[in-house]
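This report concerns only the one structure given below.
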Amino acid sequence: MNILIKNCHIFCDDTESPIILGDVAVEGSRLVKVGSEGALPPGWHPERVIDGGNYLCLPGLINCHTHAAMTLLRSYADDLPLMHWLEKKIWPVENRLTGEDVYWGSLLAMMEMIRSGTTTFNDMYFFMDEVAQAVEKIGIRACLSRGLVGVGGTARVGLKESRKLIEKWQGGAKGRIRIWLGPHAPYTCPPGYIKKVLSLAKEYETGIHIHVAETRDEIRIINERYSKTPVTYLEELGVFEFPVLAAHCVHLTGDDISLLARRGVAVAHNPESNMKLASGVAPVVKLREAGITVGIGTDGAASNNNLDMFGEMRTAALLHKVFNEDPLVMPALEVLRMATGDGARALGLGDEIGVLKPGYKADLILVDLKQPHYHPRHNLVAHAVYAAGAGDVDLVIIDGEIVMENRKILTIDEERVLDEVERCARRLTSGFN
Ligand SMILES: [Zn+2]
């Protein structure tokens, strides 16, 4: 459908002033005009015109690291030490998960993400065929990887499922789905297993999504086993020969940072999850100074406990200011870039999404500015990072399709998803306290 959004405030990062006033035109799945400059294609007529007068148009936000179906465990267990939380609470329930649970839990996550302005997410979990089905159904864009643990009973089946997932879903849902490989973390993937993952990555030319240096425990374990840091462990196995998105990267040495920069590894920063699990503060300012692409993620809803990228942007900005005792670090414009264009680059999609420019995919959101917290309008970029709320997103377009309008998602029955999730969650936790 040809869509014309007239006269809105547009976050247009290419220009000297980041916010411009003008029109946004969508043809098929792509943007054909952004701003007041440039002409529309000859004979172009809008089938739908939207008055953008009170809207801020942003590229859809990009959640660089999550485990969508963990919405099923939201607020099931909080405020516990990490290992107790995992071993006594999270893993026993995860052992009961079925494909159906993951389908509904993931759909709930996607609902929440769309309603808070996220149009692309990077997921690692299991039952990924069901996750892909949910992506196809709701109309979001996603990079999916089957979480791979090289120790225990699921090591081989994980690789087999990854292969099947690639064969079935690579480029699926009209090109909205990308499949990557998801070796869980250095401490759960021994060298031999990593090698197997890499040969699959080579065969299918995929990227790698992995947790790296999340906790001090991980640093200790890898040091005890291999006398290395997690980053050098992965480097020596050849992991960084491939496109890699490393989630967390909280505990890094100066050499680790130089190596990640040299190898072009991108990082997914998850400030709220790191804070809630008391993992530490990732050296994001240093990473960015080293030239590393850093996107923002929420991590799963069990350790956040929401998937709201507006909240995550604000936390990222505030956390690094207080941590560095420097109000100049992580200014709003840079944080908004991390949640959009940098996130796209981190996922290898920098030529397709993350900025509003003709030729790019039409993944955009309209934020309702007709609210007290957007006045006066001194600086809309600062508003988006410091004042915006998840509920301010009115309309969402993904791949040129209107997926949400007037805060109603058009592609699914939202009430039904809530009911199904309650049903699944009750069964999953019954018998546990
Ligand atoms: Zn994670």
Please give the helix 155-169 orientation as an angle from the longest Cα principal axis of the chain, in degrees from 0 to 90, rounded to the nearest 10. 20
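Compute the semi-axes of the equivalent ellipsoid of the range 115-197, taking the square root of 5 times each eigenvalue of the Cα gyration tensor, and list them largest first in whole Å.
25, 13, 10
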For Cα pairs less than 8 Å apart in space and 6+ apart in sequence, what is the mean separation divided by the residue count of the chain, i.e. the relative contact order in percent? 21
Interatomic Cα distance distribution for the range 61-204, bins of 10 angstrom, percent: 12, 41, 36, 12, 0
Fewest first, what order do 342, 13, 363 take by the number of other Cβ atoms within 10 Å? 13, 342, 363
Net charge near residue 259 (other residues with Cβ under 11 Å of its Cβ; Lys, Arg +1; Asp, Glu -1) is -2
With the contact rule set at Cα under 8 Å and sequence spacing of 6 or more, what percent relative contact order holds for the range 278-433? 17
If one builds a Gaussian network model of the chain from Cα atoms under 10 Å apart, the most fluctuating residue listed among 111, 338, 124 is 111
Can you spot the aspartates and glutamates whose alpha carbon is less than 19 Å from residue 196's alpha carbon? Ignore those fewer than 8 places along the same chain. 161, 167, 205, 235, 236, 241
Positive dipole terminus of the chain, leading residue within 139, 73, 406 (C-beta point charges): 73
Net charge around residue 166, counting only other residues with Cβ within less than 12 Å of its Cβ (Lys, Arg = +1; Asp, Glu = -1)? +1
Between helix 414-429 and the chain, what is the angle of the helix's C-alpha long axis to the longest principal axis, kept within 0 to 90° and rounded to the nearest 10? 10
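Would the range 61-346 count as rounded, prolate or oblate if I go by the C-alpha gyration tensor, calling it rounded below 1.5 in a/c and otherwise prolate when a/b exceeds b/c, oblate otherwise?
rounded
Quick one: of the DSSP bridges fully inside the chain, what percent are antiparallel, nearest 5?
Around 45 percent of the beta bridges assigned by DSSP in the chain are antiparallel ones.
Readers should treat all values here as calculations from the given coordinates under stated rules, not as data from a laboratory. Since the model is a prediction, treat every value here as computed from it, not as a measurement. Glycine gets a Cβ as well: all are built from the backbone with ideal geometry, and neighbour counts include every protein chain shown.
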